[in-house]
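All of the numbers you see were taken from the coordinates with simple rules; none came from a lab. In this text, all values refer to a predicted model and were calculated from it rather than measured experimentally. Please note: Cβ atoms are built from the backbone with ideal geometry, for glycine as well, and neighbour counts cover all protein chains shown.
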C-alpha cells in the first residue's frame, strides 16, 4: 500500500521550473510503467498561461513515450496572443484546447493533473512564469489535493471557450481556431470587464 505524501511547496527560479516538472512527470510515468496497468488511460489536465509555459513544454518532452500513447490531454490557456501558439501544440496526438478568454480567469493558478493522486500547482497565471520566480506545489500520492485540482479544472473548463480538438464543441482546424480567437477578441472590445487586484 502506498503512503500519502504531503504536498511539497517551494519557491523556484523560472529556469528551474521546466526541469523540475520533467522530473516529476518522469517519476509518475515510471511508477505507472512498473505497475504495468494501462487498461485505463488517465486523462492529463493542464492550466497554463500559454502554450509556451514551462508546464506545457514539460509535457511535450514526453509526447513520444510509450506511456503517453493514447492519453487524452485537456489544456486551458489564457494567452493566445502568439500566432504560433496553436502550432506549438501540434505534437500532441490527442488534445483538446480551451481559451480562458475572461481576464478574471487570470487569477487561476497554472496546474498539471497527472492522475487522481498526482498533481502540480504553479503560480497565478497573472504572473509571467518566464520572467519571475514562482510558487510551486508538488502533490504526489495525495488524493485530496488532486481531487480539488480536478474540480478546479472542470469549473474553469466549463467557462472557457473551445478552440480545438473537441469533436462537436470546437473547431479542430488551426486556422479556424485562430478565427475563433479573433472574433472573440473583437466582440470583447465593446465590453468592460472588472478585474481583481
Where in the range 98-125 does the label zone of residue 144 land, with the point 7 angstrom along Cα→C-beta and an amide N cut-off under 14 Å?
-> none
Nearest-0.05 FRET efficiency for residue 23 and residue 81 at R0 = 30 Å, using Cβ-Cβ distance, is 0.50
